Amino acid sequence: MQRKQRLSRNTAYFVPYSLWILLFVIAPVLLLIYQSFFNIDGQFTFANYQTYFSSSTYLMMTVNSVWYAFLITLATLIISYPTAYLLNETKHPQLWLLLIIMPTWINLLLKAYAFIGIFSQAGIANQFLSFIGIGPKQLLFTNFSFIFVAAYIQIPFMVLPIYNAISELKPSYVNASRDLGATNWQTFSRVIFPLTLPGVKAGIQAVFIPSLSLFMLTRLIGGNKVITLGTAIEEHFLTTMNWGMGSTIGVVLIVAMVIIMWLTGGSGKRHTRKGLTK
């Protein structure tokens, strides 16, 4: 009797989750794939994929998307790992985590317009440059401003998984490494970093995948000088009304995201064991 009640309870929990996945994950992806096989006139065709893979413009957009996503992820990782490590050493890490998470509660559009004011010719950044004698510079609508703002927005999503991995690290491993005569760098490179690599990979997934399809920041901060696949999708769906080509680019992005998840998700345990045995 208890077993039947447990099964019915599990089923009750499973049904809403399954419906959510079906309606808001699987169905949109299938619809996107279906739409990618139709041209602007509604005729079934494979020409969209042929156009994408034979066009130097789309291939360059793909390279740009991957390159900018890599730079954003790298900048975020360089900032987030030391931040997460220092957070773990503070007395009140939860308070500092809350301060890091709070910017995610603000609408993305509001943050973008805030940085437009900061990087404008009369903004705070140029006022500081003028104060130190460098003079006002063109900061807005540049690659630097785009990467800076995108990295700022993505930092909380990199800090959290890395902090969780570091907080779960047993101090006995670090103490044993130091007792055996390892330097601080050896302890970090052979013990701390390998054992926290799953958190790093989770952070890379959380940052790199959304960065592939950015389009709002490319317009507001990059000033259309930064062209990515996200920008192309927006153009096809909202301007040219070529939903088939936009869906094709969306399918390519989904495949790229799956590849990234596979590359960063399958070897965490192997690296952990490797770090322990060195």
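The values are calculated or read from the model by the stated rules, or taken from the named source; none is laboratory data. Fair warning: this is a prediction, and the values are worked out from it, not measured in the lab. Positions of Cβ are generated from backbone atoms using ideal geometry, with glycine treated the same way; all protein chains shown enter the neighbour counts. Areas reflect the complete protein model, heavy atoms only, side chains present, ligands, DNA and RNA absent. Shrake-Rupley method; radii C 1.70, N 1.55, O 1.52, S 1.80 Å.
Observations on the model:
- Long-range amide H partners of PHE38 with built H, under 5 Å: THR45
- Share of carbon and sulfur in the accessible heavy-atom surface of the range 55-274 [1.4 Å probe, %]: 71
- Between ASN224 and PHE53, the modelled label-to-label distance comes to 3.1 nm, taking each label 7 Å out from Cα in the direction of the beta carbon.
- Cβ-derived FRET efficiency at R0 51 Å, PHE44 paired with PHE188, nearest 0.05: 0.35
- Report note on the peptides 25-36, 8-19, 238-249: ranked by the mean count of other C-beta atoms within 10 Å, highest first, their order is 238-249, 25-36, 8-19.
- Legend: translational diffusion of the range 92-198 by Stokes-Einstein, Rh = Kirkwood radius over C-alpha pairs, 20 °C, 1.002 mPa s; D = 125 µm²/s.
- Here the spin labels are modelled as points 7 Å beyond Cα on the Cα-Cβ line, and at TYR173 and LEU129 they lie 4.4 nm apart.
- The listed residues VAL149, VAL255 rank as VAL255, VAL149 when sorted by accessible area, largest first, using a 1.4 Å probe.
- Length-normalised contact order for the chain - Cα pairs under 8 Å, 6+ apart - percent: 27
- Using a simple spin-label model with pseudo-atoms 7 Å out from Cα toward Cβ, LYS91 and ILE33 lie 5.6 nm apart.
- Nonlocal amide H pairs with LEU214, under 5 Å, H built at 1.01 Å: GLY230
- Checking every one of the trypsin sites (Lys or Arg not before Pro) in the range 145-239 against DSSP loop status and a limit of 16 other Cβ atoms within 10 Å picks out LYS225.
- Solvent-accessible area per residue in the chain equals 61 Å², computed with a 1.4 angstrom probe and all protein chains kept.
- Whole-number D in µm²/s for the range 55-274 (Stokes-Einstein; Kirkwood sum over Cα pairs; 4 °C, 1.567 mPa s): 67
- Of the DSSP H helices in the chain, those whose Cα atoms cover at least 15 Å axially and whose Kyte score averages 1.6 or more: 108-119, 243-265
- FRET E, pair VAL63, PHE24, Förster distance 35 Å, beta-carbon r, rounded to 0.05: 0.70
- Cross-link pairs LYS137/LYS201; LYS170/LYS201; LYS111/LYS137; LYS111/LYS170 - those with Cα-Cα distance over 26 Å: LYS137/LYS201; LYS111/LYS170
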